[in-house]
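What follows is a set of notes on a single structure, which appears directly below.
The values are calculated or read from the model by the stated rules, or taken from the named source; none is laboratory data. No experiment lies behind these values; they were computed from the predicted model shown. Virtual Cβ from ideal backbone geometry, glycine too; neighbours counted across all protein chains shown.
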Amino acid sequence: MRLLDLTAGEPAVAMLGMCKNAGKTTAMNRLIRELGEAGVEKAALTSIGRDGEARDLVTGTDKPPIYMREGMLAATAEQLLSLCDVSREILSATGLYTSLGEVIVFRARSDGFVQLAGPGIVDHMIRLRREFDRFGAGPVLIDGALSRLSLLAGASDGACVLSTGASLDRDMGRVVAETAYVAALLGLPEMPAPGPSQGKLTLFGGGPEGRTVTDLSRIDRAEPEETLLSEGAFTETQGRTLLKGYTKKQGLTLLVRDPSCLMLKRETYEALTARGMRFAVLKGTRLAAVTVNSVSAGGWRFDGEEFLEKMQAAVTVPVLDVRK
């Protein structure tokens, strides 16, 4: 099974990790290699942070470098160009800036290693995507982060790949459960807003007229099949308050902007779901695959086959062992 096949036809693919050392960069390298082997020369690479360094700047652990193929495009900060060992043709100085300088778009004239640092603002990522389009690039591979999912949701119209691994926790069961929860959030269905928002929380019935909700503990007064629209983040505190008041299995739908806005603990989400609540997003994403890494940066490891099988049983998308 190839990541290339699972993401085929997508204009952009965001690589996300459950934690550091989850195997995200290894998964990205795998997709880059598969694109190269398939003769896709115009793929483009960038990051919403910094990636490709040989040693993690936060944890101090070794990291696999990013290896790009001749003909592919990349966007990175000006100060990192000297750390890229590919021969390159500068295509564009974008006018977009990071803490490491202006974002530069170049085409690789040889295979080699690169370090990436791209825009951290939605509007800037959208502009960079347009710049890639100007040079006929695609698909665009974005090294992302779950903490920046709102940026990706606003700037990416493609799919995502979620990487998880033993580095998340020593308990395999917890790793599987937490990853399955994030996978469920990434797979939430899209639905349009029933009407205009009336505040932070708006309850809609059968029509476009909504009413402001000020006390979630009284939500049981809602009628069946109503939609609760949350403007911005829906927090764990709000979730617990809602859980206290939401006792009827009445089919209420909680609608948020994108998966990053649903800031509930897994246990709270599961408790609300058990009471019949549904969840949806205004702008979703397509989770194409989950990758697993059974070896942790801390030295412990899981049984690779057992980890793979349990993860496959817990999610509805294909699961790949990133080390194979």
Please specify each residue of segment 112-128 satisfying the condition of being under 20 Å from Asp157 (Cα atoms) and touching a strand residue (DSSP E or B) at 6+ places or on another chain (Cβ under 6 Å). Gly118, Pro119, His124, Leu128
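Restricting to strands (runs of 3 or more DSSP E) lying wholly in segment 103-208: which have 1 or more residues that are among the acidic types (Asp, Glu)?
Result: 140-143.
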Residue satisfying condition, being modelled with pLDDT under 90 and either among the hydrophobic types (A, V, I, L, M, F, W, C) or surrounded by 18 or more Cβ atoms within 10 Å (Cβ to Cβ) (or both), within set Gly210, Gly120, Gly165, Gly206: Gly210
Per the filter on segment 307-324, residues touching a residue at least 40 places away in the same chain (Cβ under 8 Å) and assigned to a loop (DSSP other than H, G, I, E, B) are Val315, Thr316, Val317, Pro318, Val322, Arg323
Just a yes or no: is a residue in segment 288-306 assigned to a loop (DSSP other than H, G, I, E, B), out of contact with any strand residue (DSSP E or B) (no Cβ under 8 Å at 6 or more places or on another chain) and in the same structural domain as Thr214 (by TED's automatic domain parsing)? no
Report yes if Arg170 is closer than 23 Å to Thr46 by Cβ and out of contact with any Cys (no Cβ under 9 Å at 6 or more places or on another chain), otherwise no. no
Arg323 fails exactly one of (1) at pLDDT 90 or above; (2) within 25 Å of the chain's Cα centre (by Cα); (3) more than 21 Å from Leu146 (Cβ to Cβ), namely (1)
Any residue at all in segment 57-70 that's of a type in the set (Gly, Ala, Ser), at pLDDT 95 or above and under 26 Å from the mean Cα position of the chain (by Cα)? no
Yes or no: Ser260 over 19 Å from Ala184 (Cα atoms), small (Gly, Ala, Ser), part of a helix (DSSP H, G or I) and modelled with pLDDT under 95? no
